[in-house]
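The values are calculated or read from the model by the stated rules, or taken from the named source; none is laboratory data. Worth saying up front: this structure is predicted, and the values here are computed from it rather than measured. Neighbour counts run over all protein chains shown; Cβ positions are idealised from the backbone, glycine included. We work out accessible area using only protein heavy atoms, side chains counted, and drop any ligands, DNA or RNA first. Shrake-Rupley method; radii C 1.70, N 1.55, O 1.52, S 1.80 Å.
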Amino acid sequence: GGDRVVVGGNRDVQVTLTTPAGAGGVTVAVTSDNPGVVSVGSPGSVFIAQGQSTGVIAVTGVSQGATIVRGNATGYTEGTVSVAASVQVISVPTTLNVAFGGTASVPIQISIPAPAGGTQVTLISNAPGVVGVSTPIVTIPQGQQTANGTVSGVAPSGGASLTATF
C-alpha cells in the first residue's frame, strides 16, 4: 500500500508470498522493529489461504520516524519494507486576493515529498458563490512538495476560506 503512514493514521500493507500458500494456508507474522514509530494491527499476523499468495494488514503511524516492518512465515524468506511515519502538513497562503471575474493561483506545499504516484490535495471554498475553486483536485507530483491550484472571483465583494486536505 505504500511506504508512508500519517502519524495517527492507518495504512494497509500488502503481504505477498513468493509462491502460493500450500495445503492449510500459511500464517505470516508481521512485526515492526520500532512499534513506537509504526505499530502493526492486531493480531499481528495475516492468514493466506491455500492457493493464494497475498494478504493485507494495517499499520498505524505512532510517531514521526521510520522503521522496518517484517513478514515471516515457515518455509518462506523474511520480507521487509521500510515504513516512514510523518506528520504531514499542508501549507497555503494565509491571505490571497482574487479580483471579481479574475483568477488567482493558490500555492500549496506539503511537508514531505509526495510518494510514488503523487499526492492529491482537495481544495474547497466555504463560500463558492464568492470565491470559486477552479481546480478542486491538485496533484503534487512524485518527489515534489509544491503545486498550484486556481480560484476565481465569483462575486464583486466578500471573502471565503479555503480548505486544503489530502
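Relative contact order for the range 77-166: 33 percent, from Cα pairs under 8 Å spaced at least 6 residues apart, divided by residue count. Of the solvent-accessible surface of the chain, computed with a 1.4 Å probe and all protein chains present, 52% belongs to carbon and sulfur. Accessible surface area normalised per residue over the chain is 54 Å², counting heavy atoms of protein chains with a 1.4 Å rolling probe. The stretch between ASP3 and GLN50, if pulled fully straight at 0.36 nm per residue, gains 14.2 nm over its current Cα-Cα span. Considering only SER32, SER86, SER125, give the residue with the highest GNM mean-square fluctuation for the chain, with springs between Cα atoms whenever their separation is below 10 Å. Maximum fluctuation in the GNM of the chain, among the listed residues, is at SER125.
Put simply, the amide H of GLN144, placed in the peptide plane, has neighbours under 5 Å in ALA114, leaving out anything fewer than 5 places away on its chain.
For the pair THR163 and PHE100, what calculated FRET efficiency results from E = 1/(1 + (r/R0)^6), where r is the Cβ-Cβ distance and R0 = 25 Å, to the nearest 0.05?
E(calc), rounded to 0.05, equals 0.70.
Using a cutoff of 8 angstrom between alpha carbon atoms and counting only pairs six or more residues apart, the relative contact order for the chain works out to 19 percent.
Prolate is the label for the chain, because the ratio a/c of its alpha-carbon gyration tensor axes (a ≥ b ≥ c) is 1.5 or higher and a/b is greater than b/c.
Note on GLN14 and THR150: the extension gain reaches 45.3 nm, defined as 0.36 nm multiplied by sequence separation minus the Cα-Cα distance.
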